[in-house]
Amino acid sequence: MISIDAIQKTAETLMEKAAIEIPEDYLDGLKAAADVEDGDLSSFVLQAMLENYEAAKQDRRAMCGDTGCPRWYVKMGNEARIEGGPIALETVLRRATANATRNVPLRPNRVHPLWRTDHDNNVGIGAPEIEYAFEPEGDWIDLVTVHKGGLFGTDYRMLFPSDGIAGIKRFYLDSLVAFGKRGLACQPAIIGIGLGGSKDACMVLGKRAACLRTVGNRNSDPRIAEMEREFKELGNSIGMGAMGFVGKSMVIDCHIEVGYCHTGGMQMSVHAFCLSSRRAVARIHGDGRVEYRTDPNWFTDYQRRETVEWNVLPSLSKSA
Amino acid sequence: MERASKPKQIRLSTKPTREDLAALKIGDIVYLDGLIYTGREGVYMRVLEGKEPLPLSLPEESAANFHCSPAATVDQDGNITMGAVTATASFRFSKWIGDWLRISGAMLIIGKGGMTSHDYKEHFVPNGAIYLTTVGYGTGALLGRGIKRARDIYWRKELGLAQAMWLIGAENMGPFIVESDLEGNSLFERENAKVSANLERVYAGTKPAVLKRFGETDDRSDELIS
Ligand code: SF4
């Protein structure tokens with residue numbers, strides 16, 4: 001049984017880590033971009049960003065004044081049991097969000113869409129979002145918090161099979177140029193692309209591709225992995241760098257996730273995870289051990305499964 | 001490999017003289033000293049549409065308006081804790097900026113993404129103001145370091161923490177980039193023009209979507225299929 005206090009405590013630590021400590025994989029990616037950037041203004045911006053991450057860690061201060069919209073991704077092993085059940089879990093995730101908003105502090109960004117009511121704690125109707133997934137084995141719970149920023153770095157379009165890869169490339173470039181002008185989406189970013197599903201599923205896939213995969217990670221389908229490499233290059237050849245200044249650092253990495261869709265369509269979404277690519281992860285084991293990391297390791301073979309049954313477990317494959 | 005040339009760096013008062021501003025070129029880097037106030041749609045609507053009097057004397061106290069809401073908290077005794085500060089996108093404030101510059105006497109508008117050179121020529125130039133953009137834009141921690149003290153907060157109850165008017169004391173706060181000069185030239189527009197010249201080449205081999213989106217142009221008779 002995983003204690004609910006441990007979950008709340010861990011969740012509060014994660015909120016702070018996400019806001020303050022840039023994940024290593026993104027930092028390395030940004031350093032590599034800074035090494036090859038030769039636009040003078042673009043270069044200056046990247047150096048300032050690198051200093052900013054240091055300042056944030058030294059001062060224990062949020063890396064960006066817009067601390068984004070905190071959300072939670074929760075994953076459980078099949079044997080995980082939570083003290084108090086799912087209701088207690090959701091309560092402490094909301095509590096941790098509110099407490100961290102006051103204590104870090106974070107900016108109270110969340111308001112009612114019409115009445116602009118602000119509880120000053122990033123909690124409200126549907127906020128923070130909490131999404132779930134499960135894995136076939138384990139008595140652990142993984143808590144992932146993502147503090148996604150940016151009002152300008154997301155788009156969706158219904159494409160069709162006849163649009164093909166050329167059409168996908170076109171919408172990808174359209175999106176990047178639109179996000180990137182004047183740097184509104186704060187590039188260089190991790191770009192996530194969702195393909196297929198339905199409109200809502202496509203948005204979810206693309207967002208997860210941007211926020212839940214680390215820089216350098218490749219899709220397990222080799223042809224999609226190849227597209228990811230090619231799209232990263234393509235984005236960096238636009239001629240636009242940080243803040244939309246002339247340069248070549250637009251995309252730190254590109255991740256593509258797919259879902260089966262209606263036979264007539266090919267939905268596509270594009271998401272930019274900005275200069276403040278904030279994510280933090282912890283696994284709480286059944287015996288109470290807590291391990292912190294920055295790789296959500298979200299897209300396992302199980303999450304991308306294509307089959308009716310899940311036959312990989314030896315015990316199950318025998319009976320199959 | 002060859003390192004890019006470093007832009008020029010200047011320290012500037014938040015109550016600058018016209019000569020100070022005349023010396024700045026677009027693309028210069030600026031660090032600010034003095035008092036800065038935040039103000040965005042909430043403040044603009046109150047003052048310009050609601051005709052509320054300003055809660056402090058402007059521009060005597062400060063001529064620097066920051067489009068920003070800080071990550072900050074105020075405890076029960078009114079003590080303010082400032083974390084990081086980051087600008088918000090300024091283009092949304094275009095409809096208020098002319099009146100605001102006249103009423104506030106602001107000479108520095110600080111924000112994210114700049115405004116159009118049309119706004120600069122129409123509103124900034126006649127009022128002797130320039131636009132400074134934050135860098136990155138995520139350099140909130142660096143900017144937070146430049147804030148020596150949060151002096152005051154006005155209309156906190158009425159507008160909430162994010163929209164309230166914060167008065168902050170800055171020391172060597174930056175970096176900011178000079179986006180517009182006293183003639184109304186825009187750095188972003190200069191850079192956009194250079195980037196656009198390259199786009200034809202990048203787009204080679206792609207093709208437009210088979211189904212267009214209604215509303216992308218103002219021509220309501222457009223066919224959507226191609
Ligand atoms: S897009 Fe990201 S880096 Fe830019 S201001 Fe928003 S949170 Fe900060």
### Query
When you go through B:SER104, B:SER69 one by one, which is the residue that is under 23 Å from A:PRO108 (Cβ atoms) and among the hydroxyl-bearing types (Ser, Thr, Tyr)?
B:SER69
### Message
Here is a list: B:VAL210, B:VAL135. Which entry is surrounded by 18 or more Cβ atoms within 10 Å (Cβ to Cβ), within 14 Å of chain A (Cβ to nearest Cβ) and modelled with pLDDT of 90 or more?
### Response
B:VAL135
### Task
Could you tell me whether any residue of the stretch B:148-164 is within 9 Å of chain A (Cβ to nearest Cβ) and of a type in the set (D, E, K, R)?
no
### Query
Of these, A:GLY39, A:GLY29, A:GLY77, which one is within 30 Å of A:GLU90 (Cβ to Cβ) and either out of contact with any Cys (no Cβ under 9 Å at 6 or more places or on another chain) or away from the ligand (no atom under 13 Å from the Cβ) (or both)?
A:GLY77
### Output for the stretch A:43-90, where each listed residue is in a helix (DSSP H, G or I), at the interface with chain B (Cβ under 7 Å from one of its Cβ atoms) and small (Gly, Ala, Ser)
A:SER43, A:ALA48, A:ALA55, A:ALA56
### Query
Any residue at all in the stretch A:145-159 that is outside the structural domain of A:THR13 (by TED's automatic domain parsing), hydroxyl-bearing (Ser, Thr, Tyr) and out of contact with any strand residue (DSSP E or B) (no Cβ under 6 Å at 6 or more places or on another chain)?
no
### Task
Provide a single number: the residues in the stretch B:76-116 that are within 16 Å of the ligand (Cβ to nearest atom), more than 16 Å from B:TYR131 (Cα to Cα) and of a type outside the set (A, V, I, L, M, F, W, C).
1
#### Entry: Looking only at the stretch A:9-29, and only at residues there that are touching a Ser or Thr at 6+ places or on another chain (Cβ under 8 Å) and either of a type in the set (Phe, Trp, Tyr) or part of a helix (DSSP H, G or I) (or both), the one that is farthest from the other protein chains (Cβ to nearest Cβ)
A:ALA11
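The values are calculated or read from the model by the stated rules, or taken from the named source; none is laboratory data. Given the structure is predicted, the values throughout are model-derived calculations rather than measurements. We place every Cβ from the backbone using ideal geometry, glycine too, and count neighbours over all the protein chains shown.
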